[in-house]
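First the structure, in the form of structure tokens, and then the observations on it.
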């Protein structure tokens, strides 16, 4: 064990330069002002990944949006490596968007595409364009069309608090309410189909786990055991739900087959075992346990067997989340000798640990399904807020959300 403890190395955030890209304001042949600026949404998407740095719009005012020898010369002068242009055309009550991406250095078109929709779908089309450009340039599937769950807590009279479960675009836009309660809502999690969510509700004055069908609002109560019922997590195929129960004395991890409602106990230890997260094989569970004296991340097979410790650096590592390729483990981390809780990413191949946040009371990290971004909850100016950070450490920015305390973010899987 001592040798294993030395293999986790703490390093700083990445400093390599992001790829400069120009997202030119899209041409529009209609007579009214559109409610969304597509180029602005696309530029912010690409920036949020931490891989690209959009050219400031004021630098592009005098440049046309068509490819030519002059264009390439001017874009080279601005330092752009790629240029994305587009045009929006009314089409029978709908909108048709043509877009194209160019490599400035080679003076060649990388790809071209089109997408159609209504005015209300402008953000959907913008995220689609971002996904297409991102995948063409990186080989990684774009995650900008995904969604996020989070919980707001807002005091409305005296000591009364209204808790709201919200669903929004990954960047906080277009939030809709899925559930309201005067009792706390915790740990919302998407199923792999994106159509169901699991969460913990205190509406019965005790924590109980529910599954809600997003399209219909229909709810099912999944647990009703004495003590703690918490931390639900869907298996990759959506057929099982892992969660934590304390019905046998102390918190342990269980797995329920949602078809048969048969339940299997996964851990059996006098320590606290909590916060399960599934590996993509549908058999491995990563979880937090204090069985070594302080919270650390472990993994085990749901069928039983050995429990392996995963984290060794720091006196606190909890709430593990895996990237889609299972190369990176994101968690809440506290370094030895410090009291601040940070979001950190552990490279499971090199064992290098990188701090992603510069705030102090971070919690509830959730990872984009393509592994390039993280959203987490923290506090700023006395208020609970959400922060988006790129895994490479270049981007850290607040996510605009409703008023009140914001907490418990959860990223959706790919939705198409």
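A short reminder: the numbers here are calculations on the coordinates, not readings from a lab. From a predicted model like this one, the values you see are computed outputs, not experimental measurements. Ideal geometry is used to build each Cβ from the backbone, glycine not excepted, and the neighbour counts take in all protein chains shown.
Points worth noting:
- Degrees between helix 69-78 axis and first principal axis of the chain (Cα, 0 to 90, nearest 10): 50 degrees
- Extension gain, residue 336 to residue 155, is 61.5 nm, computed as 0.36 nm per intervening residue step minus the present C-alpha separation.
- Cα gyration tensor shape of segment 307-385, rounded if a/c is under 1.5, else prolate or oblate by comparing a/b with b/c: oblate
- Going from the residue with the fewest nearby Cβ atoms within 10 Å to the one with the most, 291, 73 rank 73, 291.
- Shape of the chain, Cα gyration tensor, a/c cut at 1.5: prolate
- FRET E, pair residue 269, residue 32, Förster distance 56 Å, beta-carbon r, rounded to 0.05: 0.30
- Residues in segment 326-346 that a label on residue 140 would reach, taking backbone N under 11 Å of a point 7 Å out along Cα→Cβ: 328
- With helices as the sole contributors, the chain gives -3000 deg cm²/dmol at 222 nm; each DSSP H run of n ≥ 4 counts as -39500 (n - 2.57), and the sum is divided by every residue.
- Cα-based convex hull, segment 18-128, per residue volume (Å³, whole number): 102 Å³
- Residue 262 paired with residue 206, simple spin-label distance in nm, labels 7 Å along Cα-to-beta-carbon: 2.7 nm
- Cβ-derived FRET efficiency at R0 45 Å, residue 281 paired with residue 103, nearest 0.05: 0.75
- Ranking of 397, 353, 346 by count of other Cβ atoms within 10 Å, fewest first: 397, 353, 346
- Angle between the chain longest axis and helix 38-48 axis [Cα atoms, degrees, rounded to 10]: 50 degrees
- Neighbour counts of other Cβ atoms within 10 Å put 127, 269 in the fewest-to-most order 269, 127.
- Taking a ≥ b ≥ c as the square roots of the eigenvalues of the alpha-carbon gyration tensor, segment 128-263 is classed oblate because a/c is 1.5 or more while a/b is no larger than b/c.
- Against the main long axis of the alpha-carbon atoms of the chain, helix 122-138 sits at an angle near 90°.
- Stretching the chain fully between residue 383 and residue 181 yields a gain of 70.7 nm (0.36 nm per residue, less the alpha carbon separation).
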